[in-house]
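**Student:** Take this structure first; my questions come after.
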Number of protein chains: 2
Amino acid sequence: MPDSSSAQLSEFDLIRRFFTRPAHKAVLGVGDDCALIEGRPGHHLAISTDMLVSGRHFFPDVAPRSLGHKALAVNLSDLAAMGAEPRAFTLALALPDAQAAWLSELAAGMLELADAHGCELIGGDTTRGPLTLSLTVFGDVPVHKALRRDAARPGDDIWVSGTLGDARLALGDFRGEWLLPEPDFSQVRPRMDTPTPRIGLGMALRGVAHAALDISDGLVGDLGHILERSQVGALLDVDALPRSTVLASQPEPRQLECTLAGGDDYELCFTAPVGERDHIAAIGARLGLALTRVGVITPEAGLRLVDRDGNPSAYNGTSFDHFASP
Amino acid sequence: MPDSSSAQLSEFDLIRRFFTRPAHKAVLGVGDDCALIEGRPGHHLAISTDMLVSGRHFFPDVAPRSLGHKALAVNLSDLAAMGAEPRAFTLALALPDAQAAWLSELAAGMLELADAHGCELIGGDTTRGPLTLSLTVFGDVPVHKALRRDAARPGDDIWVSGTLGDARLALGDFRGEWLLPEPDFSQVRPRMDTPTPRIGLGMALRGVAHAALDISDGLVGDLGHILERSQVGALLDVDALPRSTVLASQPEPRQLECTLAGGDDYELCFTAPVGERDHIAAIGARLGLALTRVGVITPEAGLRLVDRDGNPSAYNGTSFDHFASP
């Protein structure tokens with residue numbers, strides 16, 4: 001057996017050392033050709049996969065603990081957007097080398113968030129390669145209760161959770177697009193580094209919301225997916241978009257850019273009948289999470305941005321597309 | 001909308017164009033935050049994930065159709081090793097750029113194999129990055145019938161399917177370790193480029209075999225996983241290892257290297273009671289697939305390699321480890 005205290009661990013050693021724990025909910029966990037899980041009666045299994053690439057989704061020198069958290073958080077966020085309860089996940093990991101200290105931190109950040117949501121690591125693959133993480137998450141959602149993108153109806157309110165744009169504001173500082181004073185930067189940076197998946201909200205919205213998704217590429221683009229799949233349009237009040245006090249102190253065009261096109265906040269955007277307003281307010285109060293009405297679903301196609309006076313917004317940006325031509 | 005005939009497609013366009021097809025078996029397929037599938041009564045869901053990195057698992061100039069086939073095949077092979085029936089898969093894809101012709105071929109190779117096994121693409125993620133494919137596959141296996149690694153028992157025969165070592169023989173030619181005459185190379189190359197997952201065999205071995213796995217890193221190392229998890233040992237007859245006529249015409253040391261340490265053949269190695277020999281022979285005849293007894297499980301730990309006369313084998317190699325020190 002290789003010396004497991006050496007900086008260069010063997011593939012099998014490192015997986016065992018940092019990522020193998022006994023399965024509690026799964027029938028069979030890490031270590032065989034497949035994991036085995038049991039279907040939950042009356043439920044569908046919700047499945048989502050996301051890949052994070054170094055230099056694209058995170059900086060190459062990112063703190064491994066933050067990276068571990070974020071890689072799982074963005075996947076859990078997809079379960080939240082579906083109203084699913086997390087159950088398990090798999091991890092495929094390409095690493096330029098196998099450094100024990102770095103892996104230990106990565107595992108700690110990931111498994112701490114996993115434990116907080118009862119989400120068990122049941123399988124994976126590790127290989128040498130450019131730093132890349134690919135996770136697949138599994139959750140349970142009662143039959144016919146999933147929050148789908150194609151379920152928005154004309155007249156629905158459009159809601160968003162939390163505040164929008166802080167992750168994009170922090171990213172702009174990292175990129176040198178603008179410079180934030182230190183206290184402001186420290187306040188918004190965790191929104192980029194360690195986003196919070198809105199699992200409790202997603203589950204609470206079962207049977208309440210019509211359509212939902214998580215905002216990963218920017219509100220305009222992501223809301224566009226709901227509109228397209230539901231074959232409806234929307235009127236969005238850009239002045240109603242919830243923003244932190246830090247973002248609210250920025251120049252107006254930057255606020256619009258961050259709230260409308262900034263991805264990576266991983267808040268939920270959902271639509272719900274007008275009759276659910278009190279119910280939704282109560283959910284927000286119970287969760288200690290701001291839930292804000294920002295627009296309305298319209299029968300006619302297209303997304304129209306207006307200001308607080310109902311005039312067309314000056315904003316003219318777009319959402320993030322990994323392959324858009326420059 | 002961007003012009004979809006342009007060489008540079010948008011992320012959403014390319015996913016839609018090549019990888020989205022209507023879901024038949026899944027409740028909800030590609031296009032929402034999560035896919036939804038229904039548990040099959042009396043079955044467990046088998047889940048496996050594998051990541052393929054350019055330059056490590058395939059050559060950067062690989063034919064995209066072969067790559068599409070292989071990426072799914074190595075994942076399906078894990079289902080086969082568990083005795084599971086394929087049902088669905090997700091694909092996470094990092095690409096340096098989005099070239100329509102290349103993606104079309106990749107999708108064709110992948111979806112042709114998927115269709116052959118009724119395995120539906122239900123979700124995915126696409127991003128720009130170093131060429132990397134990460135798939136997660138899902139299959140159904142009747143409760144308590146999964147072929148686990150920890151189920152080998154002393155006295156079991158050890159079996160392997162097909163022939164071993166051809167993929168490694170082809171790889172050696174690619175790497176310049178040796179040179180094969182053209183007809184030989186053409187014969188073994190498909191074993192490396194387009195391996196066949198032994199799905200039918202895995203399902204036929206339910207209730208027949210004790211332990212099983214697929215040989216991806218080399219027989220010695222992979223059989224070692226069965227021995228470790230089952231807390232048993234094995235006696236392996238290296239002269240009994242099935243090999244193609246092409247490999248059998250190679251020098252003896254190379255034959256041993258390829259059959260014992262060559263990965264990537266994706267044949268199954270399984271153990272079964274002596275009383276199942278006729279049954280297993282009948283399965284092989286029905287499937288038109290050679291099934292060969294190559295050794296026996298022993299109560300004492302350790303893997304001993306012997307030749308046809310029972311003398312210790314001269315072979316002294318090891319299995320493939322992505323992070324082994326040089």
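**Student:** Looking at segment A:126-147, can you tell me whether even one residue there is in a helix (DSSP H, G or I), surrounded by fewer than 19 Cβ atoms within 10 Å (Cβ to Cβ) and not hydrophobic (A, V, I, L, M, F, W, C)?
**Tutor:** No, segment A:126-147 contains no residue that is in a helix (DSSP H, G or I), surrounded by fewer than 19 Cβ atoms within 10 Å (Cβ to Cβ) and not hydrophobic (A, V, I, L, M, F, W, C).
**Student:** Within segment B:65-85, track down each residue that is more than 11 Å from chain A (Cβ to nearest Cβ) and over 13 Å from the mean Cα position of the chain (by Cα).
**Tutor:** Scanning segment B:65-85 gives B:65, B:66, B:67, B:68, B:85.
**Student:** Among the residues in segment A:216-230, are any among the charged types (D, E, K, R) and farther than 28 Å from residue A:137 by Cβ?
**Tutor:** no
**Student:** Next up: Condition first: touching a Gly at 6+ places or on another chain (Cβ under 9 Å) and either farther than 20 Å from residue B:51 by Cα or part of a helix (DSSP H, G or I) (or both). Now tell me which residues in segment B:195-206 satisfy that.
**Tutor:** Result: B:199, B:201, B:202, B:203, B:204, B:205, B:206.
**Student:** Residues in segment A:13-52 that are in a loop (DSSP other than H, G, I, E, B) and among the acidic types (Asp, Glu): how many?
**Tutor:** 2
**Student:** Continuing with this model, one more query. Taking the condition outside any strand (DSSP E or B) and closer than 30 Å to residue A:55 by Cα, does residue B:186 pass?
**Tutor:** no
**Student:** Within segment A:265-281, which residues are assigned to a helix (DSSP H, G or I) and more than 23 Å from the chain's Cα centre (by Cα)?
**Tutor:** A:274, A:275, A:276, A:277, A:278, A:279
**Student:** Sticking with this one: Quick check: anything in segment A:160-169 at pLDDT 95 or above and part of a strand (DSSP E or B)?
**Tutor:** Looking for residues that are at pLDDT 95 or above and part of a strand (DSSP E or B), one finds at least one in segment A:160-169, hence yes.
**Student:** Now for a separate question. Failed condition for residue A:295, given (1) surrounded by 15 or more Cβ atoms within 10 Å (Cβ to Cβ); (2) not in a strand (DSSP E or B), with all others met?
**Tutor:** Here residue A:295 clears every test but (2).
**Student:** Just to be sure before I move on: is residue B:62 at pLDDT below 95, surrounded by fewer than 22 Cβ atoms within 10 Å (Cβ to Cβ) and more than 13 Å from chain A (Cβ to nearest Cβ) in the structure I sent?
**Tutor:** yes
**Student:** Which count do you get for residues in segment A:92-106 that are in a helix (DSSP H, G or I) and either surrounded by fewer than 18 Cβ atoms within 10 Å (Cβ to Cβ) or away from chain B (no Cβ under 11 Å) (or both)?
**Tutor:** Counting residues in segment A:92-106 that are in a helix (DSSP H, G or I) and either surrounded by fewer than 18 Cβ atoms within 10 Å (Cβ to Cβ) or away from chain B (no Cβ under 11 Å) (or both) gives 6.
**Student:** How many of the residues in segment B:148-159 are in a loop (DSSP other than H, G, I, E, B), buried (at least 20 other Cβ atoms within 10 Å of the Cβ) and either at pLDDT below 95 or away from chain A (no Cβ under 13 Å) (or both)?
**Tutor:** 1
**Student:** Collect the residues in segment A:215-264 that are more than 14 Å from every other protein chain (Cβ to nearest Cβ), acidic (Asp, Glu) and part of a helix (DSSP H, G or I), keeping them in residue-number order.
**Tutor:** A:239, A:252, A:257
**Student:** Name the pairs whose Cβ atoms lie under 9 Å apart, with the first residue in segment B:89-107 and free of Cβ contacts under 8 Å to residues at least 12 places away in the same chain, the second outside any strand (DSSP E or B), and 6 or more positions between them or separate chains?
**Tutor:** B:101/B:7; B:101/B:64
**Student:** Please give the number of the condition residue A:236 fails out of (1) outside the structural domain of residue A:180 (by TED's automatic domain parsing); (2) in contact with a Gly (Cβ under 6 Å, 6 or more places away or on another chain).
**Tutor:** (1)
**Student:** Output yes when any residue across segment A:287-299 is in contact with a Phe, Trp or Tyr (Cβ under 6 Å, 6 or more places away or on another chain), at pLDDT 95 or above and within 14 Å of chain B (Cβ to nearest Cβ), and no when none is.
**Tutor:** no
**Student:** Report whether or not residue B:56 is surrounded by fewer than 16 Cβ atoms within 10 Å (Cβ to Cβ), within 10 Å of chain A (Cβ to nearest Cβ) and part of a loop (DSSP other than H, G, I, E, B).
**Tutor:** Answer is yes for this residue.
**Student:** Go through segment B:12-42 and report how many residues are of a type in the set (D, E, K, R), in contact with a strand residue (DSSP E or B) (Cβ under 9 Å, 6 or more places away or on another chain), at pLDDT below 85 and more than 28 Å from residue B:145 (Cβ to Cβ).
**Tutor:** The qualifying residues number 2.
**Student:** Looking only at segment A:261-275, which residues are modelled with pLDDT of 95 or more and either farther than 15 Å from residue A:160 by Cα or not β-branched (Val, Ile, Thr) (or both)?
**Tutor:** Selection gives A:266, A:267, A:268, A:269, A:270, A:272, A:273, A:275.
**Student:** Residue by residue through segment A:282-292, note down the ones that are part of a helix (DSSP H, G or I) and among the β-branched types (Val, Ile, Thr).
**Tutor:** Listed by number, the list holds a single entry, A:283.
The values are calculated or read from the model by the stated rules, or taken from the named source; none is laboratory data. Every value quoted in this text rests on a predicted model; they were computed, and no experiment measured them. For neighbour counting, all protein chains shown are included, and Cβ atoms are generated from backbone atoms with ideal geometry for every residue, glycine included.
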